[in-house]
1. Among the residues of region 1-60, how many are closer than 25 Å to T160 by Cβ and of a type in the set (S, T, Y)?
2. Please determine, by comparing only the residues of region 129-155 that are farther than 14 Å from K165 by Cα and aliphatic (A, V, I, L, M), which one is surrounded by the fewest Cβ atoms within 10 Å (Cβ to Cβ).
3. How many residues, within region 53-66, are under 21 Å from the mean Cα position of the chain (by Cα), in a helix (DSSP H, G or I) and surrounded by fewer than 22 Cβ atoms within 10 Å (Cβ to Cβ)?
4. Can you name the residue in region 134-167 that is of a type in the set (S, T, Y) and free of Cβ contacts under 8 Å to residues at least 24 places away in the same chain and is also nearest to Q4 (Cα to Cα) among such residues?
5. Of all the residues that make up region 183-199, how many are of a type in the set (A, V, I, L, M, F, W, C) and under 22 Å from P22 (Cα atoms)?
6. Kindly provide the set of residues from region 23-45 that are at pLDDT below 95 and either over 14 Å from Q129 (Cβ atoms) or more than 10 Å from the chain's Cα centre (by Cα) (or both), ordered by number.
7. Among the residues of region 67-108, write down those that are out of contact with any Lys or Arg (no Cβ under 9 Å at 6 or more places or on another chain), assigned to a helix (DSSP H, G or I) and touching a residue at least 24 places away in the same chain (Cβ under 8 Å).
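The values are calculated or read from the model by the stated rules, or taken from the named source; none is laboratory data. Predicted model only: the values in this text are computed from it and were never measured. No Cβ is skipped: glycine too gets one built from the backbone with ideal geometry, and neighbour counts run over all protein chains shown.
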Amino acid sequence: MKRQEKADIIGELLDELYPQTPSPLEHQDPYTLLVAVLLSAQSTDKKVNEITPALFGLANTPEKMAVLDVSTIQDCIRQIGLAPTKAKNIHRMAEQLLERHEGQVPCDMEALEGLAGVGHKTASVVLSQAFDIPTFPVDTHIHRLAGRWGLSKAKNVTQTEKDLKAVFPKDSWKRRHLQIIFFGREYCPARNHDIAECPICNWIA
């Protein structure tokens with residue numbers, strides 16, 4: 001089966017399984033989403049959602065975050081991985097938003113990637129979910145499933161993103177990114193994966 005045919009069938013199945021694609025990270029606005037996505041690196045959305053209420057209770061704007069001590073931020077997020085580095089980045093990012101963007105989260109890839117702790121994937125998620133700009137964020141999980149399903153042979157997430165953008169319609173990228181994440185958690189885990197029980201892998205195999 002050709003790659004495009006696979007992608008079309010997979011897209012139809014994902015739309016049936018996940019007609020609604022709410023953001024898995026709880027947030028109120030572009031800024032709180034940006035912080036939550038930054039925190040989610042090498043952590044789980046569930047854990048991030050557990051710790052952000054306390055953090056946002058203290059500081060839910062760049063103005064409030066910039067005046068906190070880094071140690072205070074770190075204390076709020078200490079339960080997640082890389083907390084010391086993330087605390088420094090969140091504090092510096094708040095300062096940069098005030099210095100460069102009048103306290104507003106920019107809706108521009110290059111500007112977002114110029115902020116402390118913000119990589120391409122984080123910037124892509126923010127553009128997609130906060131500003132409805134078509135992007136296809138690819139993390140290690142989506143990279144793994146794209147390879148498992150034969151949609152990409154790429155060795156890195158950058159090329160996988162290009163491959164997935166080529167086979168899925170642009171107007172589906174926002175929901176498709178989330179659908180693949182949801183599917184991976186429910187049916188297609190990295191370990192102890194049962195092909196017979198996976199609605200996609202069982203026919204691809």
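1. The total comes to 6.
2. A130
3. So the answer is 2.
4. S152
5. Of the residues in region 183-199, 2 are of a type in the set (A, V, I, L, M, F, W, C) and under 22 Å from P22 (Cα atoms).
6. A41, Q42, S43, T44
7. Those that are out of contact with any Lys or Arg (no Cβ under 9 Å at 6 or more places or on another chain), assigned to a helix (DSSP H, G or I) and touching a residue at least 24 places away in the same chain (Cβ under 8 Å): C76, T85, K86, K88, N89, I90, H91, R92, M93, E95, L97, L98.
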